[in-house]
Amino acid sequence: MKNQLYQTENARLPLLRTPLRLHIYNLAKENPDSSYQNWLQNKPNREQKMINFLSKKQVDRLGVGYTGFNNWLKSTGEPPVIVDSTKAKRSEKRLESYYWNNGWFNVEADYKIIQEKNQKATVAYYIEPHKPYFIDSLNTKIESTVADSIYRVHLKESKIISGNQYRTLDLEAERERISSLYRNSGLYHFEKEFIKFDADTVNTDKKVNLNLLISNRRITEQDITKKIPFQIHNISKVNVFTDYSYANRNKTPNDSVFYKGYNIYSYDKRKYTRKAITNSVLIAPGEVFRDRDKTRTYNQISNLRTFKYPNIRYEVDPNDPEGTDLIASVLLTPRKKYSANADFDVSTSNIQAFGLGFGGSFLIRNVFKGAEIFEVSASGNIGSSRDRDDSEDAFFDITEIGLDLKLSFPKIIFPLDISSIIPKYMSPTTNLIVGLSSQQNVGLDKQNVSGIFNYSWKPSTKLLNDLDLINVQYVRNLNTANYFNIYSNSYSLLNDIATDVLDSDSALLNPDSGNLIIPEGANAFIQRSLGENPDADLTSDDIDEIDDINERKERLTQDNLIFTSNYTYTKNNRENIYDEDFSIFKFRVELAGNVLSTISNLAGLKQNSNERFELFGVEFSQYVKTEIDYIKHWDLGQKSVIAVRAFGGIAIPYGNANNIPFARSFFGGGPNDNRAWNPYDLGPGSSGSKNEFNEANMKIALSAEYRYNILGSLNGAFFIDAGNIWNVLDNVEEENAVFSGWGDLQELAVGTGIGFRYDFDFFVIRFDLGFKTFNPANDEDQRWFKGYNFSKAVPNIQINYPF
């Protein structure tokens with residue numbers, strides 16, 4: 001009801017209910033120039049003293065600055081809402097109209113202005129709706145026989161249902177449906193304005209008898225107006241101009257070709273194959289006129305990224321004596337064949353104190369004359385690590401380089417014709433992607449090679465399908481000897497055990513520090529402890545701890561060969577970037593190693609000592625992984641939004657593997673997850689995040705956020721995040737880290753906090769402050785609100801919203 005009012009109170013902050021913008025506005029002076037001059041003259045010699053200290057010019061500039069600040073207060077603030085009886089009367093009529101449009105035809109409304117103290121007032125509105133009216137019958141009078149028959153075939157789809165309460169919006173929805181139906185059934189000249197309704201409510205006992213009226217089209221020829229019945233129009237010709245421009249509009253094309261009913265014209269030599277052009281045009285010769293074919297053609301051509309937004313025109317074929325044939329002309333304007341861009345950034349992280357990044361890409365359109373796109377992108381980074389031991393080392397001791405190649409085809413490349421399953425209106429695309437990257441002095445120093453053979457298609461603007469038929473990734477660790485320098489928590493746990501059981505003069509210990517030598521001493525101690533003759537002083541708990549450390553070390557230092565196929569389904573009903581009432585659902589499933597396992601068995605390959613197959617000396621991964629992600633936004637009006645997110649994922653190893661590669665595992669915490677924990681700091685389970693990078697193969701994440709406007713482009717938020725990660729059905733046996741039943745859901749960590757966001761229109765800078773509200777890693781009586789103070793809060797600075 002409040003949205004119907006022309007006059008409302010001043011905007012107030014949520015919860016506090018304070019009209020902040022009004023207070024800011026009231027700080028402004030009515031006449032800032034006079035106020036400044038009065039202040040200067042208020043004390044004897046004040047103006048002269050300021051002139052002596054500054055200058056006459058600067059004193060005048062202070063007055064200009066004061067005026068500017070005063071104007072800022074006015075533009076940023078909100079003036080007080082003054083009681084206006086005219087607006088109150090308009091609000092009353094609008095409330096009546098709202099109820100009338102929803103079936104309360106006998107509604108009565110009134111208002112009263114109630115004066116209060118301190119020059120304030122309340123406006124009270126009184127509504128007496130009486131009984132509503134319901135739809136009883138719907139009669140039609142459609143003058144065109146063709147239009148009437150089309151309507152009756154689709155009568156079951158009507159938005160007007162007998163027995164429902166009358167709603168004007170239902171009538172408008174029916175007009176939209178009928179108009180769309182006709183425009184997609186060949187009625188080229190039909191417009192929504194031809195549809196009219198009238199209603200009979202006289203002596204009907206609160207029933208509405210509706211009449212649907214669709215008259216014939218009126219045209220005027222030589223001052224004579226006549227009515228012409230609507231007819232079905234067919235496409236007789238489709239002309240496609242591949243290099244149209246405004247300068248060419250009156251020229252005659254120099255090149256033409258006829259292909260499958262399409263006339264393809266070019267003013268210069270044709271640069272595109274016939275099939276590439278016709279695959280992009282969904283308007284087909286011989287078909288009836290349909291608006292959706294035009295819309296799909298717009299979408300398909302835009303998705304090619306080869307042409308600018310096209311221009312599509314229809315005209316009645318002059319060679320058709322009946323006037324029912326149409327000629328469609330598709331005017332395409334090519335983009336530049338080559339384009340390039342470059343970028344540069346400065347960064348810092350928990351690994352590098354300072355880093356310089358640079359990158360660029362080069363794009364070639366229409367590579368093989370089939371509207372293909374070839375992209376080459378490269379990136380690099382040099383940085384200074386936080387743990388440089390020798391100050392004489394070069395300042396930049398971290399390097400990362402990467403190269404990606406991508407070739408896109410505007411069709412599905414497959415041995416069989418699957419156009420009946422994925423028709424061309426779904427914008428089918430085949431992508432071939434190859435990536436190379438290398439890191440030096442970053443963790444274990446990695447080399448990464450990846451290759452992807454991908455299909456994507458969009459059945460509608462809201463649905464997207466992605467299928468990686470082949471997704472291969474090879475990760476090689478170059479500096480495994482550096483493991484215990486990087487994962488210092490594991491080293492500390494191992495060193496504490498070793499120094500308790502080893503003699504101080506042991507060859508495994510550094511004689512100066514008394515700690516395990518990295519890597520020789522640490523590796524030798526692990527082997528000895530897990531061998532047949534462990535140190536006698538080791539307890540069973542010590543051996544279990546060492547076994548866990550060794551398992552993690554082997555997993556994180558081993559090379560990975562990941563050969564997968566995966567499919568992702570996305571449904572996004574968001575209309576545009578300004579739509580704040582929408583939902584997004586994403587489902588993903590991934591299968592890894594099945595093809596390699598089948599080949600290994602058929603080829604009779606021998607298994608290694610771990611009873612696993614190897615390819616190129618590497619045990620390939622085998623697992624099944626699935627993820628479900630759901631996001632929902634509710635627009636509350638006045639720039640207020642409630643947003644929620646729910647995520648669940650699990651990856652189960654089997655066959656040739658008993659764990660999930662680090663690159664494909666889950667982690668918790670961070671600015672887009674549970675914001676009360678830093679990335680990789682949460683979980684697994686209640687184990688207390690004892691590692692630097694905690695990850696697992698199962699994850700649950702839940703978030704809710706209330707977003708509201710504070711002032712202008714400054715917005716605020718209150719949020720609550722819950723979630724955790726666990727190990728399940730893999731080789732991790734630590735009880736606190738394993739999900740063993742539904743009771744472990746009590747280990748969901750909860751973080752709450754506040755956020756501030758500044759909207760620059762093209763991006764948002766976000767600052768969130770998260771507090772550990774429920775920490776499952778603490779003792780049971782110390783889990784709630786023990787991290788609820790600013791000294792333990794986790795700040796997050798990020799670009800754009802978390803979900």
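Quick look at the values:
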| read-out | value |
| --- | --- |
| Tally of residues being part of a helix (DSSP H, G or I), closer than 30 Å to Tyr99 by Cα and more than 32 Å from the chain's Cα centre (by Cα) across the stretch 3-30 | 1 |
| Positions within the stretch 412-434 being within 26 Å of the chain's Cα centre (by Cα), polar (S, T, N, Q) and not in a strand (DSSP E or B), in sequence order | Ser427 |
| Qualifying strands (runs of 3 or more DSSP E) (wholly inside the stretch 170-286; at least 1 residues being surrounded by 14 or more Cβ atoms within 10 Å (Cβ to Cβ) and over 38 Å from the mean Cα position of the chain (by Cα)) | 195-200, 207-214, 217-221, 234-241, 255-259, 262-266 |
| Residues of the stretch 621-644 satisfying the condition of being in a strand (DSSP E or B) and in contact with a Pro (Cβ under 6 Å, 6 or more places away or on another chain) | Tyr623 |
| Single residue of the stretch 788-803 satisfying the filter (touching a residue at least 24 places away in the same chain (Cβ under 8 Å) and assigned to a loop (DSSP other than H, G, I, E, B)) that is nearest to the chain's Cα centre (by Cα) | Phe803 |
| Which numbered condition Phe105 misses (of (1) part of a loop (DSSP other than H, G, I, E, B); (2) surrounded by 13 or more Cβ atoms within 10 Å (Cβ to Cβ); (3) under 42 Å from the mean Cα position of the chain (by Cα)) | (3) |
| Test: residue in the stretch 492-502 that is assigned to a loop (DSSP other than H, G, I, E, B) and touching a residue at least 60 places away in the same chain (Cβ under 8 Å) | no |
| Among (1) within 30 Å of Ser640 (Cα to Cα); (2) outside any loop (DSSP other than H, G, I, E, B), the one test that Lys49 misses | (1) |
| The stretch 114-144 - residue that is within 30 Å of Gly163 (Cβ to Cβ) and polar (S, T, N, Q) and, of those, surrounded by the fewest Cβ atoms within 10 Å (Cβ to Cβ) | Asn139 |
| Meets criteria (of a type in the set (Phe, Trp, Tyr), farther than 23 Å from Tyr569 by Cα and either surrounded by fewer than 18 Cβ atoms within 10 Å (Cβ to Cβ) or in contact (Cβ under 8 Å) with a residue 12 or more places away in the chain (or both)) for Tyr708 | yes |
| Condition met for Val281 (farther than 21 Å from Ser460 by Cα and among the β-branched types (Val, Ile, Thr)) | no |
| Matching entry among Gly685, Gly655 (being more than 26 Å from Gln473 (Cβ to Cβ) and assigned to a loop (DSSP other than H, G, I, E, B)) | Gly685 |
| Unique residue being at pLDDT below 95, surrounded by 15 or more Cβ atoms within 10 Å (Cβ to Cβ) and not assigned by TED's automatic domain parsing to the domain that holds Phe582 when the list is Ile418, Ile398 | Ile398 |
| Residue selected from the stretch 551-603 under the condition under 20 Å from Ile652 (Cα atoms) and of a type in the set (Val, Ile, Thr), by the criterion farthest from the chain's Cα centre (by Cα) | Thr598 |
| Residue identified as in contact (Cβ under 8 Å) with a residue 24 or more places away in the chain and crowded, with 16+ Cβ neighbours inside 10 Å among Asn471, Asn515, Asn523 | Asn471 |
| Strands (runs of 3 or more DSSP E) within the stretch 307-368 that include 1 or more residues under 27 Å from the mean Cα position of the chain (by Cα) and surrounded by fewer than 16 Cβ atoms within 10 Å (Cβ to Cβ) | 338-347, 352-365 |
| Some residue of the stretch 749-761 being of a type in the set (Val, Ile, Thr), touching a residue at least 24 places away in the same chain (Cβ under 8 Å) and touching a helix residue (DSSP H, G or I) at 6+ places or on another chain (Cβ under 8 Å) | no |
| Residue in the stretch 536-550 that is closer than 24 Å to Gly649 by Cα and assigned to a loop (DSSP other than H, G, I, E, B) present | no |
| Residue ID - farthest from Thr168 (Cα to Cα), chosen from residues in the stretch 70-98 that are exposed (fewer than 14 other Cβ atoms within 10 Å of the Cβ) and of a type in the set (Val, Ile, Thr) | Ile82 |
| Lone qualifier among Phe760, Phe785, Phe771 - being surrounded by 17 or more Cβ atoms within 10 Å (Cβ to Cβ) and either under 19 Å from the mean Cα position of the chain (by Cα) or among the aromatic types (Phe, Trp, Tyr) (or both) | Phe771 |
| Set Asp387, Asp393: member being surrounded by fewer than 17 Cβ atoms within 10 Å (Cβ to Cβ), modelled with pLDDT under 95, in contact with a helix residue (DSSP H, G or I) (Cβ under 9 Å, 6 or more places away or on another chain) and outside the structural domain of Ser280 (by TED's automatic domain parsing) | Asp387 |
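Per-residue answers, yes or no, for (1) acidic (Asp, Glu); (2) more than 30 Å from Phe803 (Cα to Cα):
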residue	(1), (2)
Leu530	no, yes
Leu538	no, yes
Ile546	no, yes
Asp581	yes, no
Gly593	no, yes
Ser597	no, yes
Glu619	yes, yes
Val624	no, no
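The values are calculated or read from the model by the stated rules, or taken from the named source; none is laboratory data. If you're wondering where the values come from, they're calculated on a predicted model, not measured in any experiment. All Cβ positions, glycine included, derive from the backbone under ideal geometry; neighbour counts span all protein chains shown.
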